[in-house]
Amino acid sequence: LLYGVYTIYPIIASYWYSFVEWNGFGADRTFVGLRNYRSVFADPLFWSSFKITIIFMLLVAPARVILSFLLAIVLNSPKLPFSKLFRTVFFLPVVTTTAIVGVVMQFILDPSSGPINAILMFLGFEGGVNFLGDSSLALTTVAVVYVWKFFGITMVYWLAALQTIPQETYEAARIDGAGFVQIFWFITVPLLKPFLIIISLLTIEDTF
């Protein structure tokens, strides 16, 4: 019942609202057919936003999938000390409020007093870098922050996938003389291919 009220109904209603002229507040709703869609597709701002969204997805999704996979490989090692602590540290940004992350990152990336620019100026970059104010850097900067913020979710996906590989398979490979690289390419990667598709689709959907 709750799923129907809070998920199914809003989805159906959103499609219906796209076919009517409505200010979002009043009771007057006029059916206009596809006029709203024609207006959107003729609006250059829509296509500009669409292009930026695609670029953002192409920057974020591969970075989240690949980097979190490599980190999950390291954190899944039974020989790594404090592995649970490291997993918690990398997952903390996920549960941190987005507003707090925005305020903190605005301070960190501040062109005049932020710590990153302080380091850059110490290294010889005069005047610092306006990460959020420069149109050529803003999208990349936001993408990096986004990857850091939601990196932990994808990492958990990969850790769960790695748990499905029996340790006996790794032990048998080691007994046969396989090294880390051979185990990675011929055991881990092939067995995780189905999960790669699922995790990639989840990450792309989350990015959109």
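Below, the figures for the structure above:
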| quantity | calculated |
| --- | --- |
| Residue among 6, 17, 37 that is of a type in the set (Ser, Thr, Tyr) and open to solvent by 100 Å² or more (accessible area, probe 1.4 Å) | 6 |
| Criterion: in contact with a strand residue (DSSP E or B) (Cβ under 8 Å, 6 or more places away or on another chain) and not basic (Lys, Arg) - qualifying residue of 117, 36, 130 | 36 |
| Residue list for the range 15-66, restricted to those being outside any strand (DSSP E or B) and of a type in the set (Phe, Trp, Tyr) | 15, 16, 17, 19, 22, 25, 37, 41, 46, 47, 50, 56 |
| Whichever residue in the range 58-71 is surrounded by fewer than 16 Cβ atoms within 10 Å (Cβ to Cβ) and under 14 Å from residue 200 (Cα atoms) and, among such residues, is nearest to the chain's Cα centre (by Cα) | 62 |
| For residue 49: the one exception among (1) touching a helix residue (DSSP H, G or I) at 6+ places or on another chain (Cβ under 8 Å); (2) of a type in the set (S, T, N, Q); (3) free of Cβ contacts under 8 Å to residues at least 12 places away in the same chain | (1) |
| Qualifying residue in the range 32-54 (condition: of a type in the set (Lys, Arg) and farther than 30 Å from residue 157 by Cα) | yes |
| Options 191, 196, 201; residue that is open to solvent by 100 Å² or more (accessible area, probe 1.4 Å), in a helix (DSSP H, G or I) and among the aliphatic types (A, V, I, L, M) | 201 |
| Selection within the range 72-108 - open to solvent by less than 70 Å² (accessible area, probe 1.4 Å), assigned to a helix (DSSP H, G or I) and polar (S, T, N, Q) | 83 |
| Residues located in the range 132-168, provided they are modelled with pLDDT of 85 or more, within 20 Å of the chain's Cα centre (by Cα) and either assigned to a loop (DSSP other than H, G, I, E, B) or among the acidic types (Asp, Glu) (or both) | 137 |
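The values are calculated or read from the model by the stated rules, or taken from the named source; none is laboratory data. Given the structure is predicted, the values throughout are model-derived calculations rather than measurements. Every residue, glycine as well, gets a Cβ built from its backbone with ideal geometry; the counts of neighbours run over all protein chains shown. These area figures cover heavy atoms from the full protein model, side chains too; ligands, DNA and RNA do not enter into them. Shrake-Rupley method; radii C 1.70, N 1.55, O 1.52, S 1.80 Å.
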